[in-house]
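Inspection log for the structure reproduced underneath, given as structure tokens.
The values are calculated or read from the model by the stated rules, or taken from the named source; none is laboratory data. Computed from a prediction, not measured in an experiment: that's the story for all the values here. Neighbour counts run over all protein chains shown; Cβ positions are idealised from the backbone, glycine included.
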Amino acid sequence: MENDLTREAEHDVGVFSSNRKGFGFIKPEDGSEDLFVAARNTATAFHKDKVRFEVIKEESEGSNREAKIVEILERNITHLVGTYTASEKFGFVKPDINNISSDIFIPGKRSMKAKTDDKVLIRIDSYGTADKRPDGTVVEILGKKGDPGVDILSSIKAKGVITEFSPEALMEADMLPDTVGEDEIKGRVDFRDVLTVTIDGEETKDFDDAMSLIIEDGIYHVGIHIADVAHYVEEGSVMDKEAQERGTSVYPVDRVIPMIPEKLSTGICSLVQGEDRLTLSCLMDFDKDGNMTGRKICESVIRVDKRMTYPQVSKMLEKPDFYKDDDQRELIEMLQGVQRLTDMFRESKVKRGAVDFEFPEPDITLDEKGHPIDIKVRKRDAATRIIEEMMLKANETVAGIVALDEEWRGVPIVYRSHEAPDPDRVEFLQKLVQSLGYSFNVKPEEVKPADVQKLVDSVDGKKEEILITTMTLRSMKRAMYSTASKRVEEEIEGETRLKPEGHFGLAAQYYCHFTSPIRRYPDLINHRIIKLKISGMLTEEKKARYKKILPDLAQHVCETEHTAIETERDTNKIKMAEYMADRIGSEFDGVISGLASWGIYVSLPNAIEGFIPVSSLEDGYYIFDEDHMILRRETGGREFHIGDNVRVQVTESDPELRIIDFALC
């Protein structure tokens, strides 16, 4: 009886997603299907509130289950960004997000003297009642609507991203040296006489990884040298606490919001050309076939010989005969060696079944006032692939050392995990694939990365490629940060040890983040623990402490990473919509990238995505067949599939609402 009551209690709790028209949907905690909530049954619930509900209508043909909210358990949104409208003694704020149906009332004394069309950040003081709208307090005036940068700042603030460091953190940063002292170098492996390069984007200012390669007697000696941020950011310091709270640097479309103060991120921690810098190095040896013959992590000091960009490296590799002087030839020989090695890494990954998805990312160019003047697909050239493969190999190697090497037994770090897809999603994918005439014969609960890659390869160049790769990607779980899991154990030398979940997409049993401590807190905490181990200062007491705090830390940085990704995507959407607002009436060729009962998503060649409402299809009533991912006319004769080529006309584009609407031509 108790178990039945427990299940019932779990079943009637969920998260409410509201709509600007007043109604909404509840996503139950037990994973069951979403429920519709009419405006009259929302009980003043706000978007993202955790609520208790009761089902008032079961699912029937043509309609979903319906619920009524009976209790609000937890308010999720406490602050909002919106546009202020002033009246004589009060004002109203229209929220930027499209999920709040009511304006927020602002009493005059709580307005900070905001003026009409000011973009403001408000604190919600009351969520309102059935006959009274919500009210709040203006806590920050962000600028005038339409002024340069205010749209992006509004998005950043709405996501809760921290944009400023405290005076105490900045003071700590200012007290750090600008150069490396001789006393700091003692005891470190010295690579200053080894040819070392950084390879980054043309606009990059924070260089946290460098690379060296020496080839001797057929052995590739690789050094991946990572900025020793932990040397300067002490655990428990104000800078450390604020870096942990941020979790990651954030990269909106027009700016960088660093995880640590710029005095470090572009200064003493940045591996700038010609300057001595402290690093933590992952040293790897490989034979002529790309097999690893040795590996080690050490504290080191380097001096970067050449700051290189992706275009420079790609040009050197594509046209090596163009470069004649000795310094250039030495660089080219090194880069060619790295390319040979990373080609072998990639081939090895393919053999073990790593899943390789390549979807277009937008590269948005802004003018000096922040207006978009060009949008194209970000180019992935030979240089970007080299760096990706080298960093992947370093991350995997460090994780393997900590997890497997005898001397590292029991050392806790934060791993990067990617679990296998849920069996029910695999089963749905199987049915879809088979309905299209392809084979995906796997047990859903035993699917392997190689199975997924084999499926993706089987549709390469076929008309169903976009549909199947899109749906395959949607079946995947999100990569997470985690610690060694009790759910997964392994027998090593007769002893059962905990091990991390592993990384499904990379087909890697052990993987962590190590190569970007300037930008990611998991890398920084891993450096800190590794340095303690190398120096012999990782006591059992410290191990126990880290084992206790790392699970919560891993969960926290998962959340901050998600916020950063959402912020970057949102600011891209703003600029995409602004770009298309100047092209109302223009026609474009595109590809259907998504389907739903409410309409069609279309992606353009420059990675801009727009929407065709199903209501705009005036030649009949359309039904969405989710099992086969087809939107078809009820009377037959016309249907739409993911991957279909279409020509569309831009009918509406609103940067504030982040919407771009198309119509079929």
May I ask you to verify whether Pro551 is in the same structural domain as Glu368 (by TED's automatic domain parsing) and at pLDDT below 95?
yes
Looking only at the range 159-187, and only at residues there that are of a type in the set (Asp, Glu) and assigned to a loop (DSSP other than H, G, I, E, B), the one that is farthest from Arg246 (Cα to Cα):
Asp178
Selection from the range 544-585 of residues surrounded by fewer than 18 Cβ atoms within 10 Å (Cβ to Cβ), under 21 Å from His231 (Cβ atoms) and in contact (Cβ under 8 Å) with a residue 24 or more places away in the chain yields none
Sort out which residues of the range 372-381 are touching a Ser or Thr at 6+ places or on another chain (Cβ under 8 Å) and either of a type in the set (Val, Ile, Thr) or not assigned by TED's automatic domain parsing to the domain that holds Leu213 (or both), and write them in order of number.
Ile373, Ile375
Please go through the range 501-526 and give me each residue that is at pLDDT below 95 and in a strand (DSSP E or B), ordered by number.
His503, Ala508
Check Asp381, Asp356, Asp305 and return the single one that is touching a residue at least 40 places away in the same chain (Cβ under 8 Å), under 15 Å from Leu506 (Cβ atoms) and of a type outside the set (A, V, I, L, M).
Asp356
Considering only strands (runs of 3 or more DSSP E) wholly within the range 249-365, the ones with at least 2 residues that are within 29 Å of the chain's Cα centre (by Cα), closer than 20 Å to Asp523 by Cα and of a type in the set (A, V, I, L, M) are 276-286
Total residues in the range 317-338, condition within 19 Å of Glu388 (Cα to Cα) and either among the acidic types (Asp, Glu) or surrounded by fewer than 17 Cβ atoms within 10 Å (Cβ to Cβ) (or both)
3
Residue selected from the range 188-207 under the condition assigned to a loop (DSSP other than H, G, I, E, B) and at pLDDT 95 or above, by the criterion surrounded by the fewest Cβ atoms within 10 Å (Cβ to Cβ):
Asp193
In this structure, does Gly236 turn out to be touching a residue at least 60 places away in the same chain (Cβ under 8 Å), part of a loop (DSSP other than H, G, I, E, B), of a type outside the set (Ser, Thr, Tyr) and at positive phi?
no
Find the residue count for the range 84-110, including only residues that are surrounded by 15 or more Cβ atoms within 10 Å (Cβ to Cβ), of a type in the set (S, T, N, Q) and modelled with pLDDT under 95.
4
Answer yes or no: is there a residue in the range 486-498 that is at pLDDT 95 or above and of a type in the set (Asp, Glu).
no
Within the range 161-177, can one find any residue that is among the β-branched types (Val, Ile, Thr), more than 18 Å from Arg255 (Cα to Cα) and surrounded by 18 or more Cβ atoms within 10 Å (Cβ to Cβ)?
no
For Val426, which of the numbered conditions (1) loosely packed, with under 14 Cβ neighbours inside 10 Å; (2) more than 30 Å from Cys298 (Cα to Cα) fails to hold?
(1)
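Rundown of residues vs (1) in contact (Cβ under 8 Å) with a residue 24 or more places away in the chain; (2) within 20 Å of Asn572 (Cβ to Cβ); (3) in a strand (DSSP E or B), yes/no style:
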site: Val93; (1), (2), (3): yes, no, yes
site: Ser101; (1), (2), (3): yes, no, no
site: Phe105; (1), (2), (3): yes, no, yes
site: Lys113; (1), (2), (3): no, no, no
site: Val120; (1), (2), (3): yes, no, yes
site: Ile124; (1), (2), (3): yes, no, yes
site: Ile141; (1), (2), (3): yes, no, yes
site: Pro148; (1), (2), (3): yes, yes, no
site: Lys157; (1), (2), (3): yes, yes, no
For the range 382-494, which helices (runs of 4 or more DSSP H) that fit wholly inside it have 3 or more residues that are outside the structural domain of Ile630 (by TED's automatic domain parsing) and touching a strand residue (DSSP E or B) at 6+ places or on another chain (Cβ under 6 Å)?
382-404
Please tell me if Lys393 is surrounded by fewer than 16 Cβ atoms within 10 Å (Cβ to Cβ), in contact (Cβ under 8 Å) with a residue 60 or more places away in the chain and either of a type in the set (S, T, N, Q) or under 30 Å from Pro252 (Cα atoms) (or both).
no
Those residues that are under 22 Å from Ser166 (Cβ atoms) and either polar (S, T, N, Q) or surrounded by fewer than 21 Cβ atoms within 10 Å (Cβ to Cβ) (or both), I need them from the range 208-231; list them, please.
His231
